[in-house]
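In what follows, a structure is listed as structure tokens, so that the remarks can point back to it.
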Amino acid sequence: QVQLVESGGGLVQPGGSLRLSCAASGFTFSNYVMSWYRQALGKGRELVASITSAGAKTIYTDSMKARFFISRDNAKNTAYLDINNLEPDDTAVYYCNAQLFLPSGGAHDYWGQGTQVTVSS
């Protein structure tokens, strides 16, 4: 059974930091591109960052390059998102995504249930 379980969210004051974790099971984690998305209330889901299967390459949405850092530990089947200098506009549900593109042209695409991050004083 495929599972992605996010944790680490919560209420944080502006300027604070958080580390979100995404624990994976039920599939070969080290084969998958891992991404973090977020969705603020009333808005669409947006990509935060992605990391390749071996962790060699990362990409970030331009507006998030400065304060967000994605990483992974394939030995622990876990992906991470570190967020620094949190701002109220970072308030959102943060989702973990695992994706594998198949030679046939299809893809395996898994999502976690999300973890709420609220930035407020």
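The values are calculated or read from the model by the stated rules, or taken from the named source; none is laboratory data. Quick caveat, the model's predicted, so the values are computed rather than measured. A quick note on method: Cβ atoms are made from the backbone with ideal geometry, for glycine too, and the neighbour counts reach across all protein chains shown. Just the protein is used for accessible areas: all its heavy atoms, side chains included, with ligands, DNA and RNA removed. Shrake-Rupley method; radii C 1.70, N 1.55, O 1.52, S 1.80 Å.
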Might you check whether a residue that is more than 10 Å from the chain's Cα centre (by Cα), assigned to a loop (DSSP other than H, G, I, E, B) and within 20 Å of LEU47 (Cβ to Cβ) occurs anywhere in segment 99-115?
-> yes
Tabulated pairs, segment 60-86, first of a type in the set (S, T, N, Q), second at pLDDT 95 or above and loosely packed, with under 13 Cβ neighbours inside 10 Å, C-beta under 7 angstrom, 6+ apart or interchain = ASN77/SER25; ASN84/SER17; ASN85/GLY15
Would it be correct to say that ALA107 is farther than 24 Å from GLN1 by Cα, free of Cβ contacts under 8 Å to residues at least 60 places away in the same chain and touching a strand residue (DSSP E or B) at 6+ places or on another chain (Cβ under 8 Å)?
-> no
Looking only at segment 70-98, which residues are assigned to a strand (DSSP E or B) and either in contact with a Pro (Cβ under 6 Å, 6 or more places away or on another chain) or polar (S, T, N, Q) (or both)?
-> SER71, THR78, ASN97
Mind telling me which of the residues TYR110, TYR94 ends up being open to solvent by less than 50 Å² (accessible area, probe 1.4 Å) and of a type in the set (Phe, Trp, Tyr)?
-> TYR94
Of those in segment 51-83 that are among the small types (Gly, Ala, Ser) and surrounded by fewer than 15 Cβ atoms within 10 Å (Cβ to Cβ), the residue nearest to VAL33 (Cα to Cα) is ALA54
Matching entry among TYR80, TYR60, TYR110 (being closer than 18 Å to GLY10 by Cα and touching a Leu at 6+ places or on another chain (Cβ under 9 Å)) = TYR80
Output the qualifying pairs, or none if there are none: Cβ atoms under 6 angstrom, residues six or more apart or on different chains, first residue in segment 10-29 and within 30 Å of LEU102 (Cβ to Cβ) and in contact (Cβ under 8 Å) with a residue 12 or more places away in the chain, second residue among the aliphatic types (A, V, I, L, M) and surrounded by fewer than 13 Cβ atoms within 10 Å (Cβ to Cβ).
-> GLY26/VAL2; PHE27/VAL2
Out of VAL48, VAL12, sole residue that is open to solvent by less than 30 Å² (accessible area, probe 1.4 Å) and in contact with a Phe, Trp or Tyr (Cβ under 7 Å, 6 or more places away or on another chain) = VAL48
Please tell me if ALA49 is of a type in the set (Gly, Ala, Ser) and either within 10 Å of the chain's Cα centre (by Cα) or assigned to a strand (DSSP E or B) (or both).
-> yes
Going through segment 54-66 in order, the residues found to be in contact with a strand residue (DSSP E or B) (Cβ under 6 Å, 6 or more places away or on another chain) and assigned to a loop (DSSP other than H, G, I, E, B) are GLY55, THR61
